[in-house]
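S.K.: Below is the structure I would like to discuss, written out as structure tokens.
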Ligand code: NAD
């Protein structure tokens, strides 16, 4: 029997790579996707292969619909199926509304929101045909609570919550579940880029006393995609060690 296939956007590194590792461990074949640094994608693919997964590596900018179309087609050409879509690719943007240029707002929305919409729009017809599937959006605690100086980023992630709940309703009758994960601060490049002072402040506000790992987010995604979660849809789960952002 063919193995199940997961397509994870932004899986060249960070949370996406952690998801890829967890899905490979759970017996999936994996589409690894990156935008620029494809050496990192090769490394993530190597980890999945060492766990027994067959891997397709694909480069695409998710803010461009045509590039998303090519990625989905490449995945179907290689594997003939996409069982799980993890909309994980994303970019961070800090700054007050005064500091956030129109161009920056557009860019963040294009990658974080439009990219996830494009990918879902392309994969849903395939899942509808097969009457099964799972879609997972990578949101953020900033979409749940708001976050200081995060108007573009928090907005881009909040929009995913509307998409999660709406797609969940539309697709439940077809056996497709749709959920979202809100990670708190996770140990990836996105956090590594913060100053030491900000990093210490962030850690001091996590009750668990540490950053989360990409694999902890991946394990949550694997659960949502599993048959054990078939009756769970439209849910937005926070995985943050209890983070109190401002
Ligand atoms: P990261 O910067 O380490 O990785 C981001 C990934 O997205 C990379 O693979 C990159 O290639 C891809 N990407 C960026 N722009 C792209 C584009 N235009 N087209 C295609 N791919 C693109 O980030 P991360 O920390 O692993 O975050 C992954 C997801 O989790 C993001 O959506 C982020 O918003 C979310 N998140 C992260 C944290 C955290 O603390 N790290 C917290 C909450 C939510």
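S.K.: If we only count helices (runs of 4 or more DSSP H) wholly inside segment 138-221, which ones have 2 or more residues that are at pLDDT 95 or above?
M.R.: By residue number, 141-145, 151-171.
S.K.: Being buried (at least 16 other Cβ atoms within 10 Å of the Cβ) and within 20 Å of the chain's Cα centre (by Cα), is that true of even one residue in segment 195-208?
M.R.: No, there is no match, as no residue in segment 195-208 is buried (at least 16 other Cβ atoms within 10 Å of the Cβ) and within 20 Å of the chain's Cα centre (by Cα).
S.K.: Further question on the same structure: Out of (1) farther than 20 Å from residue 82 by Cβ; (2) buried (at least 16 other Cβ atoms within 10 Å of the Cβ); (3) more than 10 Å from the ligand (Cβ to nearest atom), what's the single condition that is false for residue 185?
M.R.: (3)
S.K.: Here's something else I'd like to know. Of the residues 53, 44, 17, 24, which single one is farther than 14 Å from residue 119 by Cβ, in a helix (DSSP H, G or I), touching a helix residue (DSSP H, G or I) at 6+ places or on another chain (Cβ under 7 Å) and more than 15 Å from the ligand (Cβ to nearest atom)?
M.R.: 24
S.K.: Regarding residue 69, is this residue surrounded by fewer than 24 Cβ atoms within 10 Å (Cβ to Cβ) and more than 24 Å from residue 127 (Cβ to Cβ)?
M.R.: In short, no.
The values are calculated or read from the model by the stated rules, or taken from the named source; none is laboratory data. What you see is a predicted model, and the numbers here were worked out from it, not measured in a lab. So basically every Cβ, Gly included, is an ideal-geometry build from the backbone, and we count neighbours across all protein chains shown.
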